[in-house]
Amino acid sequence: GAGVSQSPRYKVAKRGQDVALRCDPISGHVSLFWYQQALGQGPEFLTYFQNEAQLDKSGLPSDRFFAERPEGSVSTLKIQRTQQEDSAVYLCASSLGQAPEAFFGQGTRLTVV
Amino acid sequence: GDSVTQMEGPVTLSEEAFLTINCTYTATGYPSLFWYVQYPGEGLQLLLKATKADDKGSNKGFEATYRKETTSFHLEKGSVQVSDSAVYFCALSVLGDTGRRALTFGSGTRLQVQP
C-alpha cells in the first residue's frame, strides 16, 4: 500500500488478556519502529527492526512485550497479560534504510479495562 | 541521553496571526531535527526536517532553522489558518551503534486557531 497500515485501529482488552497488534510498513522500507504514545505525551521508542533482525529492543517496558518481523515485512507487537498501564496508542513507523525521516501509521489505540 | 523540550500548550491564536513554537534539544551525537504534526483523528505526519546546522526546513508555510549554537529548532509560520489546528511534535534522531535512527519526541504542543 501507499502508507504504513496498522490494525486493529482500536482494541479493548480485559486485564490479563494477551493482545497482538499488526503493522504493515511501506513496501521496500527496511527499517521498522514501534512507539508507545500515552495520552497527552509524545511517542516513546519501543523497538527497532532492520529487515527481520530486531536490533534494538531497549525501549520495551517489560518482558510482557514482544515484537517480531519474521519475513522482514509485516511486524507484530504482542503484549501478554495486559495491565491498565499498557493503555496507550501504539504507533508503527517505517523508513528507507538509515534515512532520517520515518513514516507513521495511524496507530492502534489499546484500552485495558 | 537525548531529549527534546518544547513549549507547553495549548497555544490559541486568531487566524492570520504569527506562530512560534519553541523547541530545544540535547543530543549525544549530531542529530537530524524534525517537526511532525498530528491533525485530529489522524496519524503523525512529517511536516519538515533539517539534517545539519543552519539548514532551514520548510513546508506548507511553516519554517524551522537548525541552530546548533543554541540547540534549537523553533517552528514558525507567518499567518496561521484554522486548518493548522493540530498537535505539533518536535523530534530528533541520531544514528546509533546498531544503525537505528529512532526518533526522540517532545511532549507536543496543541495549536488552536480561531476564525
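Worth pointing out:
- Other protein chain C-beta atoms within 10 Å of residue C-beta, averaged over A:38-51: 4.
- Rotationally averaged projected area of the protein assembly as shown (alpha carbon convex hull; nm²): 12.3
- Put the Cα centre of region A:6-47 next to the Cα centre of region B:47-79 and the gap is 29 Å.
- In order through region A:33-43: 3J(HN,Hα) via Karplus (6.51 cos²θ - 1.76 cosθ + 1.60), integer Hz, x for Gly, Pro: 10, 10, 10, 10, 10, 6, 4, x, 10, x, x
- For residue B:52, a cut-off of 17 angstrom between C-alpha atoms picks up these lysines, skipping any fewer than 8 places away in its own chain: B:68.
- Across the cross-link table entries A:11/A:78; A:57/A:78; A:57/B:49, which are compared at the Cα atoms, the separations over 18 Å belong to A:57/B:49.
- Sparse-neighbour loop sites [GluC sites (Glu not before Pro); region B:2-96; at most 15 other C-beta within 10 Å; DSSP]: B:8, B:15, B:16, B:42, B:69
- Rel. contact order, % - alpha carbon contacts under 8 angstrom, at least six apart, chain B: 36
- Values of log10 I(q)/I(0), in the order q = 0.12, 0.18, 0.19 Å⁻¹, for region B:1-64 under a Debye, Cα-only, solvent-free model: -0.37, -0.84, -0.93
- With R₀ fixed at 22 Å, the C-beta to C-beta distance from residue A:2 to residue B:83 puts the FRET efficiency at about 0.50.
- 10 °C / 1.306 mPa s Stokes-Einstein diffusion coefficient of chain B, Kirkwood radius on C-alpha pairs, µm²/s: 111
Coordinate-derived values only; no laboratory data. The structure displayed is predicted, hence computed values, not measured ones. A quick note on method: Cβ atoms are made from the backbone with ideal geometry, for glycine too, and the neighbour counts reach across all protein chains shown.
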